[in-house]
1. Considering each residue of the stretch 283-298, count those that are part of a loop (DSSP other than H, G, I, E, B) and crowded, with 20+ Cβ neighbours inside 10 Å, and give that number.
2. Under 6 Å between Cβ atoms, which residue pairs at least 6 apart in sequence (or on different chains) link something in the stretch 354-366 that is in contact (Cβ under 8 Å) with a residue 60 or more places away in the chain with a partner that is acidic (D, E)?
3. Looking at the stretch 330-351, which of the residues that are under 24 Å from the mean Cα position of the chain (by Cα) and among the polar types (S, T, N, Q) is surrounded by the fewest Cβ atoms within 10 Å (Cβ to Cβ)?
4. Just wondering, is there one or more residues in the stretch 181-202 that are surrounded by fewer than 20 Cβ atoms within 10 Å (Cβ to Cβ), outside any strand (DSSP E or B) and basic (K, R)?
5. Of everything in the stretch 234-264 that's under 20 Å from the mean Cα position of the chain (by Cα) and surrounded by fewer than 20 Cβ atoms within 10 Å (Cβ to Cβ), which residue is nearest to W351 (Cα to Cα)?
6. Hand me the list of strands (runs of 3 or more DSSP E) wholly inside the stretch 47-141 holding 2 or more residues that are touching a Lys or Arg at 6+ places or on another chain (Cβ under 8 Å).
7. Within the stretch 2-21, can you find the residues that are within 13 Å of F78 (Cα to Cα) and of a type in the set (A, V, I, L, M)?
Amino acid sequence: MDSYDFVIVGSGPAGMGAAFALIDRHKDASILMIDKTPYSTGGMRNDCKMNFTFPIGFPLEYWEKDEAEAYLDEVIRFLRPDILPKSNIATYQARAERLGCSLLEIRQTHLGTDGGLELIKRLQKQLEENNVTLSLGETMESIDSRARTIKTDKRTIGYRAILIAPGRQGFHFLQDVMNSLDVPFVDNIVDVGIRVETRIEHYPIVKDYYDPKFYFKEKVRTFCTNSGNAHVVREKYATARGDVWYSVNGHAFAATEDNSNGLVNFALLKTVRLSEPLASGQEYAEHLGLMAALMGGGRPLMQRVGDFRLGRRSKSATFNGDLYDFRPTLTGASPSDISLAMPSKILRYIWSALKNLDTIVPGILHPSTIMYYPEIKLYANKPVYRDSHFQVADGVFFAGDGAGTSRGITGAWASGIRASRGMEEYLG
Ligand SMILES: Cc1cc2nc3c(=O)[nH]c(=O)nc-3n(C[C@H](O)[C@H](O)[C@H](O)COP(=O)(O)OP(=O)(O)OC[C@H]3O[C@@H](n4cnc5c(N)ncnc54)[C@H](O)[C@@H]3O)c2cc1C
């Protein structure tokens, strides 16, 4: 049987953060990283804009400001990002404050989907140079914490300490691991909302601030803004019963003067925390996803703001005719009426946030602007961690977006480092 001091499951930023922290401090340790995909580095393959200011990407129930900033400094020392310049922020901030909203000023960088792939290649090379065994296309299936082994689709592997960081799409898998280890858990929040796509001239703030972080009343926020050569995409999810639904998302390639498509997209998300009598935020989110799939003939929905305001569904003609002036980048979405699929309370809050945003950055509610639904961020049920290093059972650690310790690349990287400190301590 192959055995390693440290096994890392998932090669996303959480796994990477742990791997490089371990390499740094344990030159002689044996480290294995596996990933079920035949390529590496999880969510860093999409857009790769990175935020370096607390609390962006750091769930407050796990992170204090000082601690997060200390880890963020480590991430910055390793990744050495070029922080993007910003301008005219005070003007937007003053407008937002007048409406009872806020615009957070944060340090960020944007590599683009193509720039992210370059970074991934570099990281992979560095892992190899430091004798980390990287096994791609290998899926962890189960764990035996007494024998200190995991089973993958290829073999049994022994570990002394293990980090499991399977990302948001791994939330069913994490639930299975928690069940098999008898890890107690509590229900997690879910973020539900829309993705907005429009011309850059209707949301010109992105020329001043690449990914502006607006916070509105009722826990609605802007999230993951992409511009220049920007595209809306869909992510496939399946329920435990195998029913398929899609969430939308967005990314951008590094824009040059030649390849810009002149568009911008961003999410407007509302955080929903459920309490009794309904136990599971995940199941709620899945039902919303399935409802949208039902309405859209298996696809996500899209509606022009002009149609929405008139109380009409969008039709193919709304997108192909001469009524409006740009084509949706997500061609696999169905023209529809999002208000038939979205819970009214969430829609009301999101629409109110959009009206506020249109006052702060006039133009976003142009009739041509497209609203895609659903954009849903699911997190696994929250494990009850044994310690501050995200240990869930003897020598078993979780980290990253799926485990709820982060919401973004840099937070995931930081939580990987934090878990790695626990793995070291565990081995003594
Ligand atoms: C389209 C899109 C755009 C995004 N843009 C940004 C952005 O610009 N900036 C930002 O900060 N965040 C962005 N995000 C979110 C970001 O990708 C995540 O926050 C981040 O990747 C989380 O890191 P992670 O390590 O927890 O999980 P992931 O990056 O998802 O990595 C988990 C890895 O585990 C592997 N895995 C899962 N299950 C198993 C298993 N059983 N066995 C072996 N391997 C397994 C997966 O294949 C995956 O590679 C975006 C996400 C998407 C989908």
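1. Residues flagged as part of a loop (DSSP other than H, G, I, E, B) and crowded, with 20+ Cβ neighbours inside 10 Å within the stretch 283-298 amount to 1.
2. That search, which allows pairs on different chains as well, returns I364/D358; L365/D358.
3. Only one residue fits best here, namely T331.
4. Checked the stretch 181-202: no residue is surrounded by fewer than 20 Cβ atoms within 10 Å (Cβ to Cβ), outside any strand (DSSP E or B) and basic (K, R).
5. Across the stretch 234-264, the extreme among qualifying residues is R234.
6. 102-104, 108-110
7. M16, A18, A19, A21
So that you can scan it fast, the table gives a plain yes or no per residue for (1) modelled with pLDDT of 95 or more; (2) surrounded by fewer than 20 Cβ atoms within 10 Å (Cβ to Cβ); (3) more than 30 Å from D153 (Cβ to Cβ):
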| site | (1), (2), (3) |
| --- | --- |
| H26 | no, yes, no |
| M44 | no, no, no |
| K49 | no, no, yes |
| E61 | no, yes, yes |
| D73 | yes, yes, yes |
| A94 | yes, yes, yes |
| R98 | yes, yes, yes |
| S102 | yes, yes, yes |
| K121 | no, yes, no |
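The values are calculated or read from the model by the stated rules, or taken from the named source; none is laboratory data. Model, not experiment: these values are computed from the prediction. Cβ coordinates were reconstructed from backbone atoms using ideal geometry, including for glycine residues, and neighbour counts include every protein chain displayed.
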